[in-house]
Amino acid sequence: HEPFYWAMKGLYHNRSGIALTAPYTDFIRPAPHHVGLTPGFAGKLKYSSFRSCDLSTNDGADVDKAKIESATKGVLENTYGWYQDAGDWDGYYSHTHVPAYLLFLYEAGKEKFTDGQLDIPESDNGIADVLDEATWLLRYFKRAKDEIKSKGWGSGGIPGARVFGDLWGSDTKPGDVGQGSWEDVSRDWYVLGEDPWATYKYAALAAQLAYVLAEDELTDPQGVDWKKEAIDAYAWAKNNTKESDKAGIKDVRLYSSASLYRLTGATEFQTSFSEDLKSVPELDQGKSDQMFGLWMYLIAQNQSRNAGLLDKVKILVTGGSEKYLVSSAELRACRWGGEFYFPMLVGQGTTPMVTAGVYGYILNKNNGAGNRYYTYLHTTADYFLGTNPLNMTWISGVGERSPVGLFHLDYWYSDKADPNNILPVQPGIIPYGPWKVDDFGALGWWNPNWAFQDKSGAARIYPPAIEQWPGHERWFESRISPLPSEFTIHQNTVVAAFVYGFLKKGASRDIDDGIVTSVESIGNNGVHIFPNPANGVASIYSDEEIISYIELYNANGKKVFDSEFLNTNFYSLDLAPYSAGKYIVKVHIKNRKIVTRKLMIPG
């Protein structure tokens, strides 16, 4: 369960618009990009009716800047809450894949996901924490929609698929000094206008959420009528799709139509789905909206569901599983799946990109193919959790060897950061990882090839040609190289949460599962706790290596103690504040290991 838990915390850690506080995390951070909570940000967030789908590039260019400014309507006061990534605090349309994955994950195994499971601010509100995280971005879109409509700037479409400030300043302070996202107040930020892509996606997500809440006899904690939101958004997107939009909008409309059909049973939605399905020759996992649309129709239970359409969807989903999971796994010694010809970048060596295989397994679990899918889902997870050439658990803070020194500006400028950069960043980051070898121009510390040769071209490694190295061994911990050391929530974090969450067992977080099997250590690894069981004080010591810091978790998996930065091989842990029971001690070692031990406090 631990990889799933920390991947989900990785999403929480990258919420914009709220402060990160105890007891939900030890990565304390003020609220960024919130007009009411971020000092100096008032008046900095503006709305432009220029659509994100009309940008010349995804990141915008000077030609777009003038168009955005000329379409500016005014300052936003109640809009906040998009997601942010490592050092890029922008909102992107691709972030809408996060709630989709989480909603499908919940539906794939509701018994596994409970309220209070993830220790987030919404815990104990009556619905599963996974659903709370799924609604985070939906609530941002609703706030933005409602505000621009109330001010007469919009007509009910969803704005903010793209929100950014790069054209109006940099991520640094004046003088090119680095900063955290909460200090980013010296430039303007723009929320871009209503567009049919974001509005169709919002309709799909709102309809799916409405269906789940109704099926589980739950009420939205904030009283939102998600069914009405979905129907209204779909109507707006249908009526505001321009002729120039029609060629590219089919995939998201496929998802939206299937979701509304499942919720309402209305024939018009199935008809729309059928028309858009004609342009899908095979499932393309890279086109997430297309995949979500097929999954949605697959799990719909409407009596009027068309048998011919369903058969085609089943063929597409099974074919996608064979392509993205089975065929590639059977060609690889460690049996890990993913697009076989996907280039070595953006997480190919760190992230279980086999999401198509999950619903392929669900569809085929009662026949022979299901066993293969389930096996290869597990071997893929195994690969990214340690059975790889570097024996790396590709999620920070998890396992005895995980990546450190990652590119994460908010962590760099938090008071938790270690100035020597020897500790992991906060748990839950899945970096891009090993990167293909290309010539990115002049060598320098931003270049991922920087570690391989010096400025004169002389090799720093042996064999001297990095092309001779196995691809997944081309990893080096250099936080200032954003290509291998950065991450995104949609390419890495939520994909890992989806796959690990599907494979996890149990209805709640069981911290004993797979960590230790008895009170005694599994191998000493040079780290000891005595006495054990213990009352009063437990002594923790390392034979040779230096302890960096210590964490204590209770039987519910909640962190109850976190030491300051240490530089010792002996530590006395005061147990007086803690009740009798079973605990987990995590000892972080300076050689970048995390040693896990069970501790008993007797009654």
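Each reported figure results from applying straightforward, stated rules to the coordinates on display, with no laboratory input. On a predicted model such as this, the values are computed, not experimentally measured, just so you know. Backbone-built Cβ (ideal geometry, glycine too); neighbour counts: all protein chains shown.
Brief remarks follow.
- A Förster distance of 41 Å, applied to the separation of the beta-carbon atoms of E268 and K455, puts the FRET efficiency at 0.05.
- Its DSSP H runs of at least 4 residues, each contributing -39,500 (n - 2.57), put the calculated 222 nm mean residue ellipticity of the chain at -9500 deg cm²/dmol, to the nearest 500.
- Amide proton proximity set for R51, modelled H, under 5 Å, gap of 5+: G193
- Sequence-distant residues sharing a close amide H with Q453 (under 5 Å, placed H): R460
- Share of pairwise Cα separations in the range 135-202, more than 14 Å, in percent: 63 percent
- When the Cα gyration tensor is reduced to axis lengths a ≥ b ≥ c, the ratio a/c is 1.5 or higher for the range 319-380, and with a/b above b/c it is classed as prolate.
- On Cα atoms only, tilt of 267-277 relative to the major axis of the chain in degrees: 70 degrees
- In the range 231-261, the trypsin sites (Lys or Arg not before Pro) that fall in loop regions by DSSP, at most 11 other Cβ within 10 Å: K246
- Pairwise FRET efficiency - F340 versus T387, Cβ, R0 = 22 Å, nearest 0.05: 0.75
- Angle in degrees between helix 494-503 and the longest Cα principal axis of the chain, rounded to the nearest 10: 70 degrees
- For I546, nonlocal amide neighbours, meaning residues 5 or more places apart or on other chains whose placed amide H falls under 5 Å from its own, are K590, N591.
- Where GluC sites (Glu not before Pro) in DSSP loops with at most 13 other Cβ within 10 Å are excluded, longest remaining stretch of the chain: 331-519
- Under 20 Å from the Cα of K598 - lysines, other chains or at least 8 residues apart: K558, K559, K582, K586
- Evaluated at q = 0.08 Å⁻¹, a Debye calculation over the C-alpha positions of the chain (equal weights, vacuum) places log10 I(q)/I(0) at -0.58.
- Loop sites in the range 166-232: trypsin sites (Lys or Arg not before Pro), DSSP, at most 16 other Cβ within 10 Å: R187
- Linear extension gain, K65 paired with D543, 0.36 nm per residue minus alpha-carbon span: 166.1 nm
- Kirkwood Rh, angstrom, the range 184-252 [1 / mean 1/r, Cα pairs]: 13.8 Å
- Counting only alpha carbon atoms, the long axis of helix 250-264 and the longest principal axis of the chain meet at about 90°.
- Across all directions, the shadow cast by the convex hull of the range 1-144 built on its C-alpha atoms averages 9.9 square nanometres.
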